[in-house]
Amino acid sequence: MALYLLYEAASGYSLFLAHGIDEIGQNTDAVRSSVSDLNRFGKVVQLTAFHPFESALDALNQCNSISEGVMTDELRNFLEINLPKVKDGKKPKFSLGLAEPKIGSHIFEATKIPCQSNDFVLELIRGVRLHFDRFIKDLKPGDLEKAQLGLGHSYSRAKVKFNVNRVDNMVIQAIFLLDTLDKDVNSFSMRVREWYSWHFPELVKIVNDNYLYAKVSKFIEDKSTLSEDKLPELTDIVGDEDKAKEIIEAAKASMGQDLSPIDLINVQQFAQRVMDLSEYRKRLYDYLVTKMNDIAPNLASLIGEVVGARLISHAGSLTNLAKCPSSTLQILGAEKALFRALKTRGNTPKYGLIFHSSFIGRASARNKGRMARYLANKCSIASRIDCFADSSTTVFGEKLREQVEERLDFYDKGVAPRKNIDVMKSAIENTQIKEMETEEVPTEASGKKSKKKKSKAAANGDGAVDEPAETTNGDAGEGKSEKKKKKDKRKLDQEDQPMEDANNGHVEEDGAAKQKKKKKSKHENGEDLQAASEVKKKKKKKSRSEDTD
């Protein structure tokens, strides 16, 4: 059986025919020893066809398709032209060797070409890759390396290119920096307190906040210069007039030692640096909140921005967090305690990073484990919705938060919570309503115009119907029945109302004319009868008068 080899180079597709397979006996060691020698390998493997790529973009598209296990039209045409045809009902006398089993299965499904990928084929393809520039005669030295370098850069660039608004790497770096800033600001604030306490030790007990202490120490500078004149400015900084007066009184009777101007300058500079770090920490927190609302809005609305960002950073990415089961997410961050418990056969931890959520703290001691398990379940659902949903919305996160609140009430008060399927149905309905509202906003003007046209047409149609109705008021019963019929017709055919109303008007006019004719005929018949009766009466009177005579 003949063996063909498909090699996907950076410059194009190439097809090789391997001879002497039976002599080699498909011995991998023998092939491995003959690969390095071109004279021996050239006798076994020969080039049969080569199809170069048209451009760098075409090469990138072909490379992406092969990596995904998809056969392109160009590859299919190349194989069908250069390989023997596979006849229906007969076993093929050749096979195609490939490096990727995924694309082999796709080729077999589409073209019925038998494919194989094993150690023997991989060794042959390794030899083809090693001596590829020798098989292609028109290839100049250095062209293959340039093509490989350019294709490698473009392929890597395309793989790394994601949606800018959905990049969770920024959240991971921001939460790491936020934790580092918290530690640094706390340690620097303690250093400011110790340093300035040599000069004004009583200020530590009056002002407890670190940022406020650094601000006050920078404002006071030398305690001997603090007087009643600075009371308004100190009140603005502290926010309390009584506390500002207490600081001034403490400065007058302070037990601290005096500092030189150079030492005070260094203290003030360091206090200013602590203030800048604190303000930057606030800006970084606002940035983290906005990024979390863009990347994982449901997770942020469920468990909070900081805890959600810690979960994403610990998992590595939002996709990795979405792949985690809820049991893994529950103990995420407590790996050391878990493995220590497994090693010593002790109790495993109940929660990890989700312990920082307010829900766990609000639960009672006996229900903390249950609450952590339930919260991890909802966080897993929220992360998957954020990761794989097409549109970002906070509806699901808000509904999941309501479920967690209901579960807390169930543990505390025994109030039965809603079922998950009902909550999810309501969330889906809310999202659909929001989408409909966003779609209807640009089409409101056209809708108003169409409504105006319909109202005008209905008004004209009513006038056309009412006019013949007034002419047919001779018979009350027939008029009422005809009106009912007209109303039913209006309800059924609202779109074609003007045309039908006009037609109904003509029909009713014809009916009115017929009714008038009937009335006339009735009146005429009545007059004839009266005339005949009068003639009879006259004849009777004449006969009676003749009898008397």
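Filter the stretch 235-268 for residues that are of a type in the set (S, T, N, Q) and assigned to a helix (DSSP H, G or I); which is nearest to Asp209 (Cα to Cα)?
Within the stretch 235-268, the subset of a type in the set (S, T, N, Q) is 235, 254, 257, 260, 266, 268.
Cutting the leftovers down to assigned to a helix (DSSP H, G or I) gives us 235, 266, 268.
Numbers: Thr235: 15, Asn266: 21, Gln268: 17 Å.
In this case the residue turns out to be Thr235.
Quick check: anything in the stretch 220-229 in contact (Cβ under 8 Å) with a residue 40 or more places away in the chain and in the same structural domain as Gln272 (by the TED database)?
Checking the stretch 220-229: at least one residue is in contact (Cβ under 8 Å) with a residue 40 or more places away in the chain and in the same structural domain as Gln272 (by the TED database).
Looking only at the stretch 254-278, how many residues end up being out of contact with any Lys or Arg (no Cβ under 8 Å at 6 or more places or on another chain) and either touching a residue at least 24 places away in the same chain (Cβ under 8 Å) or closer than 18 Å to Arg191 by Cα (or both)?
Number satisfying all stated conditions: 16.
Starting from the stretch 87-101, take each residue that is not assigned by the TED database to the domain that holds Val70 and list its partners that are among the hydrophobic types (A, V, I, L, M, F, W, C), counting only C-beta distances under 8 angstrom and pairs at least six apart or across chains.
none
Looking only at the stretch 30-69, which residues are part of a helix (DSSP H, G or I), within 15 Å of Ala9 (Cα to Cα) and either open to solvent by 70 Å² or more (accessible area, probe 1.4 Å) or β-branched (Val, Ile, Thr) (or both)?
Ala56, Leu57, Asn61, Ile66, listed by residue number.
All but one of (1) open to solvent by 70 Å² or more (accessible area, probe 1.4 Å); (2) over 43 Å from the mean Cα position of the chain (by Cα); (3) not aliphatic (A, V, I, L, M) hold for Tyr285; state the number of the condition that does not hold.
Failed condition: (2).
Cβ-Cβ distance below 9 Å, separation of 6 or more or different chains: which pairs start in the stretch 341-362 with a residue that is in the same structural domain as Lys378 (by the TED database) and end on one that is open to solvent by less than 60 Å² (accessible area, probe 1.4 Å) and polar (S, T, N, Q)?
Sorted first by the residue in the stretch 341-362, then by its partner, the pairs are Pro349/Gln330; Lys350/Gln330; Tyr351/Gln330; Tyr351/Ser357; Gly352/Gln330; Ile354/Gln330.
Could you please find all residues in the stretch 298-315 being under 19 Å from the mean Cα position of the chain (by Cα) and farther than 14 Å from Gly397 by Cβ?
Kept after step one, since they are under 19 Å from the mean Cα position of the chain (by Cα), are these residues of the stretch 298-315: 298-305, 308-309, 311-312.
Once the filter is applied, which keeps residues that are under 19 Å from the mean Cα position of the chain (by Cα) and farther than 14 Å from Gly397 by Cβ, the stretch 298-315 yields Ala309, Ile312.
How many of the residues making up the stretch 70-97 are open to solvent by 20 Å² or more (accessible area, probe 1.4 Å) and of a type in the set (Gly, Ala, Ser)?
Looking only at that region, the number is 1.
One line per residue, one yes/no per condition, for (1) open to solvent by less than 60 Å² (accessible area, probe 1.4 Å); (2) of a type in the set (Val, Ile, Thr); (3) outside any helix (DSSP H, G or I):
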{"position": "Met170", "(1), (2), (3)": "no, no, no"}
{"position": "Leu177", "(1), (2), (3)": "no, no, no"}
{"position": "Val192", "(1), (2), (3)": "yes, yes, no"}
{"position": "Trp195", "(1), (2), (3)": "no, no, no"}
{"position": "Phe200", "(1), (2), (3)": "yes, no, yes"}
{"position": "Tyr213", "(1), (2), (3)": "yes, no, no"}
{"position": "Phe219", "(1), (2), (3)": "yes, no, no"}
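Which numbered condition in (1) acidic (Asp, Glu); (2) in a loop (DSSP other than H, G, I, E, B); (3) over 17 Å from His51 (Cβ atoms) is the only one that Glu123 fails?
It is condition (2) that Glu123 fails.
Scan (1) surrounded by fewer than 20 Cβ atoms within 10 Å (Cβ to Cβ); (2) in a helix (DSSP H, G or I) for the single condition Gly346 breaks and write down its number.
So Gly346 meets the others, but not (2).
Tyr213 is checked against (1) free of Cβ contacts under 8 Å to residues at least 24 places away in the same chain; (2) not assigned by the TED database to the domain that holds Gly12 and fails just one. What number does that condition carry?
With (1) free of Cβ contacts under 8 Å to residues at least 24 places away in the same chain; (2) not assigned by the TED database to the domain that holds Gly12 applied to Tyr213, the lone miss is (1).
Filter the stretch 221-234 down to residues that are part of a helix (DSSP H, G or I) and open to solvent by less than 30 Å² (accessible area, probe 1.4 Å) and give me whichever is nearest to Ala251 (Cα to Cα). I'd like the intermediate steps shown before the answer.
Let us first name the residues in the stretch 221-234 that are part of a helix (DSSP H, G or I), namely 223-225, 228-234.
Narrowing the set further to residues that are open to solvent by less than 30 Å² (accessible area, probe 1.4 Å) leaves 223, 231, 234.
Values: Lys223: 6, Leu231: 13, Leu234: 13 Å.
Applying the filter and picking the extreme gives Lys223.
Please determine whether any residue of the stretch 316-325 is part of a helix (DSSP H, G or I) and within 27 Å of Asp184 (Cβ to Cβ). Write out each step before concluding.
So in the stretch 316-325, the residues part of a helix (DSSP H, G or I) come out as 318-323.
Now narrow it down to the ones that are within 27 Å of Asp184 (Cβ to Cβ): none.
No.
Considering each residue of the stretch 417-428, count those that are in a helix (DSSP H, G or I) and either basic (Lys, Arg) or surrounded by fewer than 20 Cβ atoms within 10 Å (Cβ to Cβ) (or both), and give that number.
8
How many residues are free of Cβ contacts under 8 Å to residues at least 12 places away in the same chain and open to solvent by 60 Å² or more (accessible area, probe 1.4 Å) when one looks only at the stretch 392-416?
Of the residues in the stretch 392-416, 5 are free of Cβ contacts under 8 Å to residues at least 12 places away in the same chain and open to solvent by 60 Å² or more (accessible area, probe 1.4 Å).
Considering (1) outside any loop (DSSP other than H, G, I, E, B); (2) hydroxyl-bearing (Ser, Thr, Tyr); (3) open to solvent by 40 Å² or more (accessible area, probe 1.4 Å), say which one Tyr374 fails and leave the rest.
The single condition Tyr374 does not satisfy is (3).
Can you pull out every residue in the stretch 102-141 that is under 22 Å from Ser36 (Cα atoms) and among the small types (Gly, Ala, Ser)?
Ser117, Gly127
Just one of Lys146, Lys140, Lys183 is outside any helix (DSSP H, G or I) and over 30 Å from Ser254 (Cα atoms); which is it?
Lys140
Over 30 Å from Ala296 (Cα atoms), in contact (Cβ under 8 Å) with a residue 24 or more places away in the chain and under 52 Å from the mean Cα position of the chain (by Cα): does that describe Ser189?
Answer is yes for this residue.
When Arg310 is evaluated against the numbered criteria (1) touching a helix residue (DSSP H, G or I) at 6+ places or on another chain (Cβ under 8 Å); (2) assigned by the TED database to the domain that holds Trp198, which criterion, by number, is the only one it fails?
Result: Arg310 fails condition (2) only.
On the basis of being in a helix (DSSP H, G or I) and either β-branched (Val, Ile, Thr) or more than 28 Å from Asp412 (Cβ to Cβ) (or both), does Leu329 make the cut? Don't jump to the end; show me each part of the working.
Details: in a helix (DSSP H, G or I): yes; either β-branched (Val, Ile, Thr) or more than 28 Å from Asp412 (Cβ to Cβ) (or both): no.
Taking the combined requirement at face value, the residue does not satisfy it.
Looking at the stretch 129-143, I want the residues that are in the same structural domain as Gly97 (by the TED database) and have a partner that is open to solvent by 100 Å² or more (accessible area, probe 1.4 Å) with Cβ atoms under 9 Å, at least 6 apart or on another chain. Which pairs are those?
Asp133/Pro141
The values are calculated or read from the model by the stated rules, or taken from the named source; none is laboratory data. Note that this is a predicted model, so its numbers are computed, not measured. Virtual Cβ from ideal backbone geometry, glycine too; neighbours counted across all protein chains shown. Protein only, heavy atoms only, side chains kept; ligands, DNA and RNA dropped before computing areas. Shrake-Rupley method; radii C 1.70, N 1.55, O 1.52, S 1.80 Å.
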